[in-house]
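Undergrad: Okay, handing you the structure first.
The values are calculated or read from the model by the stated rules, or taken from the named source; none is laboratory data. This one's a predicted model, so the numbers in the text were calculated from it and none came from an experiment. Ideal geometry is used to build each Cβ from the backbone, glycine not excepted, and the neighbour counts take in all protein chains shown. When the accessible area is computed, the model is the full protein with side chains, heavy atoms only, and any ligands, DNA or RNA have been set aside. Shrake-Rupley method; radii C 1.70, N 1.55, O 1.52, S 1.80 Å.
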Amino acid sequence: GLGVNAQTLLVTRGCREMTRLGVAMGAKEHTMAGLSGIGDLMLTCLGDASRNKAVGIAFGRGKKIQDILNERAQSLQGVAEGVATAPAAERLAEKLGVSAPMMSTCAQCLRGELDAKGALEQCMSLPIKEDAPLEERKSLSEKARPFASHVVAALAGALTATVMGAGRRRRS
């Protein structure tokens, strides 16, 4: 099964990826370490009321994304914003030249190109990189900064919950 250490690795990698994207959009690296970055990410990944986590767990248990979304719409359980933001964040990262393999993995799952087991294997086999400070870009407006933290926190949480769900499924 997927233990706490593996979950921690996925959340940490998601945090670093969202930070790279945020900094590329003009955010300060230290801002991403606060409530609007890692705080939102932790709530999304670990909170029992997280809609993204609920979608990820259902996906990890083998349900199709469209079936999950239809069930949620019929029961008024709410929209999981990571479903809509993951493909947008993937395109944004590509446009800005930011390495975002976890965001791409999440978007692949949503497009039906990858199942939860494949996503888990893909994310767990990513190379380990040095945690060096990121160079901050000053080219984007102040208005772009809040968008970066919201988008990447939601989708990183969705991916982390997806792969956490896959681990739970394997243990059952």
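Undergrad: How much solvent-accessible surface does GLU94 expose, in Å² to the nearest 10, with a 1.4 Å probe and all protein chains in place?
TA: Solvent-accessible area, nearest 10 Å²: 150 Å².
Undergrad: Now, a different point. Using 7 Å Cα-to-Cβ label points, what is the LEU43/LYS28 separation (nm, one decimal)?
TA: Reported label-point gap for LEU43 and LYS28 is 2.1 nm.
Undergrad: To the nearest 0.05, how large is the calculated FRET efficiency for ASP67 and ASN5 if R₀ is 30 Å and r is the Cβ-Cβ distance?
TA: The value I calculate is 0.45.
Undergrad: Separate question: Given the Cα-Cα distance of ALA84 and ASP131 and 0.36 nm per residue of separation, how much length would full extension add, in nm?
TA: Contour length minus the Cα-Cα distance gives 14.0 nm.
Undergrad: Let me cross-check ASP67: its accessible surface, 1.4 Å probe, with only protein heavy atoms counted, in Å² to the nearest 10?
TA: 80
Undergrad: Report THR12's accessible area, 1.4 Å probe, all protein chains in place, as a number in Å² to the nearest 10.
TA: Approximately 80 Å² of THR12 is accessible to the 1.4 Å probe.
Undergrad: Something else: At a 1.4 Å probe radius, which order do ILE128, ILE65 fall into by accessible area, largest first?
TA: ILE128, ILE65
Undergrad: Per residue, how much accessible surface does segment 1-107 expose to a 1.4 Å probe? Answer in Å², no decimals.
TA: Numbers: 5120 Å² over 107 residues.
Accessible area per residue: 48 Å².
Undergrad: Here's another thing I want to ask about it. Roughly how many nanometres apart are two label points built 7 Å out from the Cα toward the Cβ at GLU113 and GLU94?
TA: Roughly 0.7 nm, to one decimal.
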